[in-house]
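Heads up: the structure comes next, in structure tokens.
The values are calculated or read from the model by the stated rules, or taken from the named source; none is laboratory data. Quick caveat, the model's predicted, so the values are computed rather than measured. As a convention, Cβ positions derive from the backbone with ideal geometry for all residues, glycine included, and neighbour counts pool all protein chains shown. Remember, those area values only see protein heavy atoms, side chains included, never the ligands or the DNA or RNA. Shrake-Rupley method; radii C 1.70, N 1.55, O 1.52, S 1.80 Å.
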Amino acid sequence: MRTDAAVDHFHLDNGLEVVVIPDRRAPVVTHMVYFRNGAADDPAGKSGIAHFLEHLMFKGTERNPKGTFSETVASLGGQENAFTSYDYTAYFQRVAKEHLGAMMALESDRMTGLVLEGPEVLSERDVVIEERKMRTDSDPSAQLQESLLATLYVHHPYGTPVIGWGHEIEDLQREDALAYYRRFYRPDNAILIVAGDVESGEVRRLAEGTYGRVPRPEGPAPARRRVKEPEIRATRQVRLSDAKVEQPITQRAYLVPAHATAEGNEAFALELLAQILGGSQTSRLYRALVLDGSTAVNAGSWYWNDALDIGQFGVYAVPAEDVSLDAVDGAIDAVIATLREAEVSATELERAKTRLIADMIYAQDNQAHLARIYGATLTTGGTVRDVTDWPEQIRAVTAAEILDVAKRYLQPGRFVVGHLLKAAA
């Protein structure tokens, strides 16, 4: 099915979804495989299993024993990596275009041929445990973020860290990884994305000769059943003090719909709201707190828009010297109140639209990032058309729609606030 003049989109007979994104600027190709499973699909009591399995996927198969995959990519002058999110797990390589077939052969082999034997499984678990210690347990800002999300999502699995809780990682076993692997790693639960100097017909031929030979398991593709997060009815606060903190910070997060769960233009309006509120140094937050008020040295906002379920809208600020976090929170409240009281001006709205669309265009200069946009969209309920039509959807948002989402979702007292403070010596 051709959905756009440039992007081709089709399925193989075994259910594998394929997206081809031509990019003729250099004779290279980015080859990515996304699986529709992530940390939010970890079984209860097994947090971190999706991320753990991502590590184990490099342990080898009968056809390509341990080390062969990475050695082959390196010998071809390529790059590789993998990452786990809440809603998907992805593996990618970037190589010269003539090596695309070799990457497909390697990746399709480990889709179902992974071999997990011997003490290496538990030694890799120790690697993950150390990763958590370095990235979270020894970093106060990461600890605050983890606590903030666990307080924001009290029922939904988005409140559990992608890497998993430390005590549950320690109990993960080989059998847990294999059960998860057999459930989710199958062609009808995967998306192949190829971006680069390629022709769609050649990609189809190579894919059919590699991925197309992977049999589709009996039964339907795995369903992802997620619980719904209850509405926030009271302000929740988390505070963390640590001697290692160099700069205090205040953060807050609101529950908002993502593209997959939003109605009408809500998600596009929230994207623009985040841009207007704190997306740049011309945003309202930055001008009011940093440039005009000397209340903060930095401030901004974000919107998690590509979640499969409910997303989040966040605000942060770093206080100026001798300004309390409570005072900064009050200044943030005042700025948000103005967005809830009146429509933004036509000039401000047009500037936000121009910046957002320009950022998307610039992002497409990075071939791998372009492929990731499609992967994240397709694994969270979106379509190829959603990506290609995004600029027009942004242009169509009105000031009234931005005012509506500000009133509906940025309500006083309906958020979680996190304070990071330097502990007294």
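Just a few scattered comments:
- Ellipsoid semi-axes for the chain, based on the Cα gyration tensor and the rule √(5λ), read 39, 27, 19 Å when sorted largest first.
- Charge tally around ALA90: other residues with Cβ under 15 Å, Lys/Arg +1 each, Asp/Glu -1 each, net -3.
- Check: the range 1-99 dipole with +1 on Lys, Arg Cβ and -1 on Asp, Glu Cβ, in debye: 240
- Accessible surface of the chain, 1.4 Å probe, proportion on carbon and sulfur as whole %: 50
- Radius of gyration over Kirkwood radius for the range 380-425, both on Cα atoms: the Rg/Rh ratio is 1.26.
- Distance from the range 2-74 to the range 81-103 (C-alpha centre basis), Å: 5
- Sequence of GLU229, GLU341, GLU175, GLU62 from largest to smallest accessible area, 1.4 Å probe: GLU62, GLU341, GLU175, GLU229
- Only aspartates and glutamates eight or more places from LYS422 in sequence, or on another chain, were considered; those with a Cα closer than 16 Å are ASP139, ASP242, GLU246, GLU321, ASP322, ASP326.
- The residue list SER141, GLY201, GLY118 was ranked by how far each Cα lies along the charge dipole of the range 96-204 toward its positive end, using unit charges on Cβ atoms, and GLY201 comes out on top.
- Looking at the range 158-225, the trypsin sites (Lys or Arg not before Pro) that sit in a DSSP loop and have at most 10 other Cβ atoms within 10 Å of their own Cβ are ARG225.
- Solvent exposure of the chain, expressed per residue, is 44 Å² of accessible area, with all protein chains present and a 1.4 angstrom probe.
- Rounded to the nearest 20 debye, dipole of the range 94-221 from Cβ charges on Lys, Arg, Asp, Glu: 480
- For VAL198, the residues whose modelled amide H falls within less than 5 Å of its own, excluding neighbours fewer than 5 places apart on the same chain, are ASP23.
- Judged by the mean number of other Cβ atoms found within 10 Å, the most tightly packed of the peptides 276-288, 363-375 leads the ranking 276-288, 363-375.
- Distance violations [Cα-Cα > 23 Å] among LYS133/LYS228; LYS46/LYS228; LYS133/LYS244: LYS133/LYS228
- Pairwise centroid distance, computed over Cα atoms, of the range 357-389 with the range 139-178, Å: 27
- Column: log10 I(q)/I(0), Debye, Cα scatterers of the range 5-149, q = 0.11, 0.14, 0.18, 0.20 Å⁻¹: -0.53, -0.83, -1.20, -1.35
- Only one residue of LEU240, ASN265, SER301 has its Cα farthest out toward the positive end of the dipole of the chain, where Lys and Arg carry +1 and Asp and Glu -1 on Cβ, and that residue is ASN265.
- With both residues required to sit in the chain, DSSP beta bridges show an antiparallel share near 80%.
- Estimated purely from DSSP H runs of n ≥ 4, each contributing -39500 (n - 2.57), the mean residue ellipticity at 222 nm for the chain is -11500 deg cm²/dmol once divided by its residues.
- Semi-axis lengths, Å, the range 310-416, gyration tensor of Cα atoms, sqrt of 5 times eigenvalues: 30, 18, 15
- 5 angstrom amide H check on GLY382, placed H, neighbours 5+ away: none
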